[in-house]
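Engineer: A single structure is presented below for examination.
The values are calculated or read from the model by the stated rules, or taken from the named source; none is laboratory data. Since we're looking at a predicted model, the values are computed, not measured. Glycine gets a Cβ as well: all are built from the backbone with ideal geometry, and neighbour counts include every protein chain shown. These accessible areas exclude ligands, DNA and RNA; they are computed on the full protein's heavy atoms, side chains included. Shrake-Rupley method; radii C 1.70, N 1.55, O 1.52, S 1.80 Å.
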Amino acid sequence: MHWWQDYKSDENAVPYHNIGFRIEKVPEYVHGKLMDKVWQTPEEEWKPESTVESGVHNSIVTMDSVSDALHDAEWMDALLAEMLPVHEEWTGMKLCPSAVYGPRRYKTGARLADHIDRIERQISSTICIAHQLNAPWPLYIEDINGSEHYVDLQPGECLLYEGAKLEHGRR
């Protein structure tokens, strides 16, 4: 999920949480809604999102997303509205929704190239809906001081972060 503040220049950006990111619990009803979406989606509706490293999200072949048929605008708008208070509480500001991407399913060997989001995606979050891991697979994020962090989200948690300022990815 991505949010836009009411300012135009990244130079005016301030850190919302002393290092530019924070782990937060997702409201239970939102997590339940996401779980329902994932588990009720038939296997044939999950499609590879990218086949080359320069593709969408700079991912490698092993990331699937829900097909366009399931990207129902009403569902996505409701999800943005339900998460808005979480993001506004963290920033202490009124935010305007910018974008939401549907559920993703990362498979063994997947990675998401380190990147910084476009300016209109100043405030971002990544939600862990569920996982079946043989070993931890943390999100990489660099804080506002340039220090590296590896964040291991558990189901029902999200990482709130300054997407247009902080480099982040999955290695």
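Engineer: Somewhere in the range 153-163, is a residue open to solvent by 70 Å² or more (accessible area, probe 1.4 Å) and free of Cβ contacts under 8 Å to residues at least 24 places away in the same chain?
Structural biologist: Scanning the range 153-163, I find no residue that is open to solvent by 70 Å² or more (accessible area, probe 1.4 Å) and free of Cβ contacts under 8 Å to residues at least 24 places away in the same chain, so the answer is no.
Engineer: State the number of residues belonging to the range 120-137 that are more than 13 Å from the chain's Cα centre (by Cα) and not aliphatic (A, V, I, L, M).
Structural biologist: 6
Residues are listed down the side, and each one gets a yes or a no for (1) at positive phi; (2) of a type in the set (A, V, I, L, M); (3) touching a residue at least 12 places away in the same chain (Cβ under 8 Å):
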site: Y106; (1), (2), (3): no, no, yes
site: R118; (1), (2), (3): no, no, yes
site: I129; (1), (2), (3): no, yes, yes
site: Q132; (1), (2), (3): no, no, no
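Engineer: Condition check: more than 25 Å from Y29 (Cα to Cα) and either under 13 Å from the mean Cα position of the chain (by Cα) or of a type in the set (A, V, I, L, M, F, W, C) (or both). Does G169 satisfy that?
Structural biologist: When the stated conditions are applied, G169 passes them.
Engineer: Could you list, in sequence order, all residues of the range 131-150 that are open to solvent by 10 Å² or more (accessible area, probe 1.4 Å) and of a type in the set (A, V, I, L, M, F, W, C)?
Structural biologist: L133, A135, W137, L139, I144
Engineer: Then there is this: What number of residues within the range 117-128 are part of a loop (DSSP other than H, G, I, E, B) and either buried (at least 17 other Cβ atoms within 10 Å of the Cβ) or in contact with a helix residue (DSSP H, G or I) (Cβ under 9 Å, 6 or more places away or on another chain) (or both)?
Structural biologist: 5
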